[in-house]
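Structure first, commentary second.
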Amino acid sequence: MANEDVAAFRARFREWVAGALPETWRDLTRGTPEEVLLPARRAWGERLHAGGWAGAGWPPAYGGLGLTVEHQVALVEEQVRAGAPEPLNSNGVEIFGPVLIRYGSEAQKLRYLPPMLAHRELWCQGFSEPQAGSDLAGLRTRAIPDGDGWLVRGQKVWTTYAHCADHCYLLVRTDPDAPRHAGISMMILDMDQPGVSVRPLRNIAGSSEFNEVFLDDARIEAGQLVGDLGQGWELAAYALSVERGLSFAERALKVAREFERLLDMVDGLASEDPGRGAERFAERLVDAFVRTRTLHALVVEIIDRSARGEPLGSLPSVAKLHWSESHQELLRLGLDVLGQRVGDPEHQDWVRAFLFSRGETIYGGTSEIQRNVIAKGLGLPSGRAA
Amino acid sequence: MSGLAGVSEQHRLLRQSLRELLDDASPITRVHDAYAGSPVPGEAWDALARAGWLSLATDDDGGPDAPTTLDVAILAEETGARLLAGPFAHTAAFTIPLLRGSGATALADAVAAGTELVAALMPAPGWGDGGLRWSAPALRRPDGTLSGRAAGVAFGAQAAHLLVPVGSGDRLAVACVPAGAAGVTVTADAVLDATRPTATVVLEGVAPGEVRWLGDPDADAAAAVDRCARRFVAVLDGEAIGAADEVLRRTVAYVSERRQFGVPIGSFQAVKHRLADAFGAIELARSLAYRVARSLDDGDGDGDARDLLASRVQCASAVMTACEAAIQAHGGYGFAWEQELHFFYRRAIVDRAQPAPPDDVRAAIRRGLR
């Protein structure tokens, strides 16, 4: 497969998707009701795995396909083209999977990676805390040695899918006396145990995909420390860097498809009220188009440079910033197109997607943090108090 | 700063050699001189021409070693960063390839050598029949005379000849007309960018005897005009990116040195974030411009025409954004003539209307959306 010509590989996958992806799973957005979205995302993840298309970048030893970046891009582009949903376990497969492959023990890889890929075990990310958001290194959740393992006490927040996850990759403080960054470790937490309680948080769009996680002497076994004690910050930084990889590209490339949906919406509503057609919104549609195309070009440039092993500098931050702000603008334009039809039941997924998009300039590093990162890349002096 | 996929092996050497030539021939003092009344294009243009830099792009297969459009566009970042006093993108990407492609070899050679200056009346992009269409600034009337009008013609008042795309029925032809011919009126514009002066050109019943047709006037040259005009846009985008890079570089250096409240002003988030946004605008422009240039090199069809127009919009606005952030971050100094930032801003203001005003480019995109 890895030796297969990319065009042939793409054609073969396209044909498979056409047969495997039901109409009802296509073009779901973050505004689609959870009871529809979650089962579709899970089932799509399972189906990709059963079809032999999952884990494109993973080594074959752990169930992956070991494909080149070009092949991986083809898989992403074809899924975007077909309007496929993001697999439910993407946080595990795309973010923690690479961390484990790079830093985990052989036993950990064999134990955790295959069921992750198959969607038999779902994963969530335990990074943010009530007092440690953008300043993640200030996290306070403690792991205290207990026998040959640890007991964990503290609280995590904004933990997406904690309510259905089997495991959590967790940042904990293992040495409160060490400098902030040096006292952090990464561990695997089993969610189904008495010391873990999960309380759903309702988000701005009305759904409850993220949660608070309370840890009250939750047990972590000796074999569940990832990497070395005190190495957690390095692992977290690596996780955040891969978060800007292909799974981000998928989100970014989807914006082009949403732009086409917006044009459909404009045409559809104009058929009822000709005064509210494309001419009315012409300037902003052009702006949205330019933003969409520059986003696409930058994302492809980043993938291309990664494939050639060239440094990316702060380009991933530029891409995240531009994606999140452009996406908000695009969805906002849709609200204006809807006008008084904003309550139309047929268009509620768009409205909820707009509400949800407010989070996109917050999660994964706020826009303010991204701008700081870019400024640092430019060589501007630090303004932080010593 | 640039990713180099699709750039030929000799590119690095070319760029280094161009940089050295411009260090010597086009220091910023020459820009001051131009505003003080020194004739343009001046010595820097002559030096560039003598060294063969105007002949980089050809409209035929120049062989495996010929620079790609992407090569020329990235090299133009250097001329853009120096505010080279001369119509580099117009001449290297449009005029010379069009002259050579239509067999006007002697004139092409003279322009390339810097001994003749030809000003191009640029065709304007529009959208029709499902694709990008260029409209000519002049028409051939049934009696064979030429009439037309073009504003913002770079170096129109300095050139001995005008290169004129001419609409003739539903075809496009290309003519060369002496600037002094009867029926030709060239009026110099007020000098906004002294390194790139513009003029308004009016053609009114220019007699057939004054017109030199490039190729057969009854054949359709639309394909050649389309190729050269697209290449012009790609290279002009390169000049804009180079200027924006230079402005941002100067500004980062300034805010890292300038201290207020006891610290460098570049340590304030309000300053950082504005410069971060300028950097983002430039990198987005660069990504799309390179992609467009590569697609021209690959001979992709009309599918990328909307990207070409979007790139023009983004590059023109990125350099404006960079200049405005720079002027603000420099405070009172940014507002001063001696600071030089306004030289870049003036160039950006002139060039953003090329090859057509931003609103016309945006209108073409709008018609191309569906």
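The values are calculated or read from the model by the stated rules, or taken from the named source; none is laboratory data. Nothing here was measured: the structure is a model prediction, and the numbers come from that model. Glycine gets a Cβ as well: all are built from the backbone with ideal geometry, and neighbour counts include every protein chain shown.
Computed values, structure above
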quantity	calculated
Some residue of segment B:234-253 being in contact with a Lys or Arg (Cβ under 7 Å, 6 or more places away or on another chain), closer than 16 Å to A:LYS376 by Cβ and either within 7 Å of chain A (Cβ to nearest Cβ) or in a loop (DSSP other than H, G, I, E, B) (or both)	no
Residue match in segment B:268-284 (condition: more than 8 Å from chain A (Cβ to nearest Cβ) and among the acidic types (Asp, Glu))	no
Residue in segment A:136-150 that is farther than 23 Å from A:ASP175 by Cβ, of a type outside the set (A, V, I, L, M, F, W, C) and not in a helix (DSSP H, G or I) present	no
Flag for A:GLU301 being more than 29 Å from A:GLY206 (Cβ to Cβ), assigned to a helix (DSSP H, G or I), within 13 Å of another protein chain (Cβ to nearest Cβ) and charged (D, E, K, R)	yes
From A:PHE259, A:PHE214, residue being in contact with a helix residue (DSSP H, G or I) (Cβ under 6 Å, 6 or more places away or on another chain), in contact (Cβ under 8 Å) with a residue 12 or more places away in the chain and either under 25 Å from A:GLU329 (Cβ atoms) or not aliphatic (A, V, I, L, M) (or both)	A:PHE259
Residue that is nearest to A:ALA252 (Cα to Cα), among those in segment A:305-330 that are aliphatic (A, V, I, L, M) and over 19 Å from the mean Cα position of the chain (by Cα)	A:LEU330
For B:TYR345: the one exception among (1) away from chain A (no Cβ under 14 Å); (2) touching a residue at least 60 places away in the same chain (Cβ under 8 Å); (3) of a type in the set (Ser, Thr, Tyr)	(2)
Residue match in segment A:42-60 (condition: crowded, with 16+ Cβ neighbours inside 10 Å and either β-branched (Val, Ile, Thr) or in contact with a strand residue (DSSP E or B) (Cβ under 8 Å, 6 or more places away or on another chain) (or both))	no
Qualifying positions in segment B:116-136 - part of a strand (DSSP E or B), over 13 Å from B:ILE96 (Cα atoms) and not charged (D, E, K, R)	B:ALA124, B:PRO125, B:GLY126, B:TRP127, B:GLY128, B:GLY131, B:LEU132, B:TRP134, B:SER135
Enumerated helices (runs of 4 or more DSSP H) restricted to segment A:34-108, each holding at least 2 residues that are among the basic types (Lys, Arg)	A:34-50
Identity of the residue in segment B:256-267, facing another protein chain (nearest Cβ under 7 Å) and assigned to a helix (DSSP H, G or I), that ends up surrounded by the fewest Cβ atoms within 10 Å (Cβ to Cβ)	B:SER256
Test: residue in segment A:279-298 that is surrounded by fewer than 17 Cβ atoms within 10 Å (Cβ to Cβ), at the interface with chain B (Cβ under 10 Å from one of its Cβ atoms), assigned to a helix (DSSP H, G or I) and under 22 Å from the mean Cα position of the chain (by Cα)	no
Options A:ILE362, A:ILE369; residue that is surrounded by fewer than 19 Cβ atoms within 10 Å (Cβ to Cβ), away from chain B (no Cβ under 14 Å) and within 22 Å of A:SER314 (Cβ to Cβ)	A:ILE362
Among residues of segment A:1-44, those that are of a type in the set (Ser, Thr, Tyr) and in contact (Cβ under 8 Å) with a residue 24 or more places away in the chain, counted	2
Residue match in segment A:331-350 (condition: within 9 Å of chain B (Cβ to nearest Cβ) and either among the aliphatic types (A, V, I, L, M) or assigned to a helix (DSSP H, G or I) (or both))	no
In segment B:137-167, the residues that are in a strand (DSSP E or B), out of contact with any Ser or Thr (no Cβ under 9 Å at 6 or more places or on another chain) and surrounded by 20 or more Cβ atoms within 10 Å (Cβ to Cβ)	B:LEU146, B:HIS161, B:LEU162, B:VAL164, B:VAL166
Pair list, Cβ under 9 Å, 6 or more apart: segment A:80-104 residue at positive phi, other residue at pLDDT 95 or above and not in a loop (DSSP other than H, G, I, E, B)	A:GLY83/A:TRP25
Condition met for B:PHE335 (away from every other protein chain (no Cβ under 11 Å) and farther than 30 Å from B:ALA222 by Cα)	yes
Of all residues making up segment A:83-127, the number that are more than 19 Å from the chain's Cα centre (by Cα) and aliphatic (A, V, I, L, M)	2
Answer residue from segment B:286-310, given it is at pLDDT 95 or above and within 7 Å of chain A (Cβ to nearest Cβ) and is farthest from A:ILE374 (Cα to Cα) among those	B:ASP307
Per-region count, segment A:242-274, residues basic (Lys, Arg) and over 11 Å from the mean Cα position of the chain (by Cα)	3
Among the candidates B:ALA124, B:ALA93, B:ALA89, residue that is in contact with a strand residue (DSSP E or B) (Cβ under 7 Å, 6 or more places away or on another chain), at pLDDT 95 or above, closer than 28 Å to B:GLY299 by Cα and of a type in the set (A, V, I, L, M, F, W, C)	B:ALA124
Residues satisfying the stated conditions in segment A:191-231, i.e. hydroxyl-bearing (Ser, Thr, Tyr) and not in a loop (DSSP other than H, G, I, E, B)	A:SER197
Residue within segment A:306-321 that is over 22 Å from A:ASN372 (Cβ atoms) and part of a helix (DSSP H, G or I) present	yes
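One line per residue, one yes/no per condition, for (1) over 19 Å from B:VAL235 (Cα atoms); (2) within 14 Å of another protein chain (Cβ to nearest Cβ); (3) in contact with a Pro (Cβ under 7 Å, 6 or more places away or on another chain):
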{"site": "B:HIS330", "(1), (2), (3)": "yes, no, no"}
{"site": "B:GLU340", "(1), (2), (3)": "yes, no, no"}
{"site": "B:VAL350", "(1), (2), (3)": "no, no, no"}
{"site": "B:PRO355", "(1), (2), (3)": "no, no, yes"}
{"site": "B:ILE365", "(1), (2), (3)": "yes, yes, no"}
